Amino acid sequence: MRIAMIGSGYVGLVSGACFAHFGHDVFCVDKDAGKIDRLLKGVMPIYEPGLDKLVADNVEAGRLRFGTDLAAAVGDADAVFIAVGTPTRRGDGHADLTYVYAAAAEIARSIRGYTVVVTKSTVPVGTGREVARIIREAHPAGEFDVASNPEFLREGAAIEDFMKPDRVVIGVESERAQEVMSGIYRPLNLIQTPMVFTNIETAEVTKYAGNAFLATKITFINEIADLCERVGADVHDVARGIGLDGRIGRKFLHPGPGFGGSCFPKDTLALAYTAREANAPQTIVEQVIEVNNSRKKKMAQKVIDFCGGSVSGQTIGVLGLTFKANTDDMRDAPSLDIVPALQAAGARIVAFDPEGMDEAGRLMKDVTFARTAYEAATGADVLVVITEWHEFRGLDPRRLKEAMRQPRIVDLRNIFDPDEMRSLGFAYEGVGRPAGRLTGFCQPMPSVI
């Protein structure tokens, strides 16, 4: 089938490349001419494992094209996917649908034959109806249907999630539109992927409900981690103990400094505001938002308390800045709260992240960026793990200890073994784990010239 993908950001680019891999003819469009120029040269605008090769293979096969001409992409398309950004609107927390509605208006001027217009962007309930109204008003004679097909992609594992999803949710209201969407996803039918067909509103709510539930799970285990620290329990054992219950499941029960990224923060906010307007407030979700925002700020205080109540004049090595591993995404990353708070307390920050330092450099001031994790640890009074990059798990603790001025680690992702670290002489503190024999209390050491 012929597919036009409006928006070549994270969702649009990954989805477009994967649809091309399915065998469809895909034309990805973006208004950012610079981004399109880079894509034409094979340069990816985002970091996502395997994406560069997937794009290159399908461009070479002639199934994937890039351009800025929306009309050229839409005119012959069987389906047009809207995959533009829906950031949080300043001032009220709602999803900003400006780009979605602008895309709908442009699509209306460009469709020729029967076309299924699909919202792939994460949008509040009711958006599909408004997209249909915009197109119908601009093109009364147009032959089209509107569908909702929310994405469920994890950054860092997006290609696998698209190729082998748990399910595909599609909101449609005509047999013709369902037939087109079934044809697009036929390769997944062959591997018996569940296809959930609903009306448009149900598909829209499903996306927000899914993200809100996962955000709630994360926040729940983070609060349980706080309890574990107070009573001498180990949150990892607790998580395993409850996660083996099939009704609960083991995923998203990993304690840390709070959730961030491009989805959970803005989607929980949008759901909360939409629900308030519908007179069906989501009080659990509202509490999740409040607790998560507070948690990120508390993590800096956790480091300060570990260091005896002051980090003034001390050098703090930071491992990881992105909101999660395997991405360069800094949106709502916990580091954006933790690092400035430590700086405000008088600390000097030396940080390393495998992919996120370019973007972090635009968002953070007065941070020294290291070339390696060991360089970030060199001369540090304390090392703070914020992001759980796999390469950090393989670091040699003895080498870290030799590099550091004081062997102290605050591990906000629990990537190190507490007993091993303490046996090597580290003052170590994780999240939701009982205190060891050694304490983190320390005094600032004199500067080494």
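Every number in this text was worked out from the coordinates using simple rules, so none of it is lab data. Predicted model, so just to flag it, every value in this text is computed and none were measured. No Cβ is skipped: glycine too gets one built from the backbone with ideal geometry, and neighbour counts run over all protein chains shown.
Summary of values
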item	result
For peptides 322-331, 57-66, sequence by mean Cβ density within 10 Å, most packed first	322-331, 57-66
Rg and Dmax of segment 88-177, Cα atoms only, in Å	14.7, 43
Cα-based helix-to-principal-axis angle, 264-277 vs the chain, degrees rounded to 10	60 degrees
Net charge dipole size for the chain [Lys, Arg +1 and Asp, Glu -1 on Cβ; Debye, nearest 20]	640 debye
Inter-part distance where segment 353-410 and segment 140-219 are each reduced to a Cα centre, Å	39 Å
Histogram of C-alpha separations across segment 123-170, 5 Å bin width, %	5, 18, 20, 15, 13, 13, 10, 6, 0
Rounded to 10°, Cα long-axis angle of helix 200-231 versus longest principal axis of the chain	10 degrees
Derived scalar couplings ³J(HN,Hα) [segment 291-299; Karplus, 6.51 cos²θ - 1.76 cosθ + 1.60; whole Hz; x for Gly, Pro]	5, 5, 4, 5, 5, 4, 6, 5, 5
nm² value of the averaged projected area, convex hull over the Cα atoms of the chain	22.9 nm²
Gyration tensor over alpha-carbon atoms, segment 33-125, equivalent ellipsoid semi-axes in Å	25, 20, 12
Long-range amide H partners of residue 431 with built H, under 5 Å	414
Taking only Cα atoms of segment 229-372, radius of gyration then Dmax in Å	17.5, 52
Antiparallel content of DSSP bridges confined to the chain, in %, to 5	5 percent
Within the chain, helix-based [θ] at 222 nm, where runs of 4 or more DSSP H residues each add -39,500 (n - 2.57), nearest 500	-13000 deg cm²/dmol
Amide N proximity, segment 115-134 versus residue 32 label position 7 Å along Cα-to-Cβ, cut-off under 20 Å	120-123
Test item: Cα-centred dipole of segment 156-197, Lys/Arg +1 and Asp/Glu -1 on Cβ, debye	100 debye
Pairwise FRET efficiency - residue 141 versus residue 375, Cβ, R0 = 56 Å, nearest 0.05	0.30
Using alpha-carbon coordinates, inclination of helix 175-184 to the longest axis of the chain, degrees	50 degrees
Rg/Rh (Cα only; Kirkwood hydrodynamic radius) as it applies to segment 2-198	0.94
Pairwise label distance in nanometres, residue 398 with residue 278, each label 7 Å out on the Cα-Cβ vector	5.9 nm
Globularity index of segment 253-336, i.e. its alpha-carbon radius of gyration over 2.2 N^0.38 Å	1.33
Bins of 5 Å, starting at 0 and running to the largest distance - Cα pair percent for segment 206-245	6, 22, 24, 21, 14, 8, 4, 1
Cβ charges +1 (Lys, Arg) and -1 (Asp, Glu), total dipole of segment 114-261, debye	180 debye
Per-pair calculated FRET efficiency, R0 = 45 Å: residue 248 and residue 105 via Cβ, rounded to 0.05	0.50
Burial ordering of 381, 245, fewest other beta-carbon atoms within 10 Å first	245, 381
Rounded to whole Å, sorted largest first: equivalent-ellipsoid semi-axes of segment 191-263, Cα gyration tensor	30, 15, 9
Two-site FRET efficiency, residue 174 against residue 202, from Cβ-Cβ distance with R₀ of 22 Å, rounded to 0.05	0.90
Spherically averaged projected area in nm², based on the convex hull that wraps the Cα atoms of segment 200-449	14.7 nm²
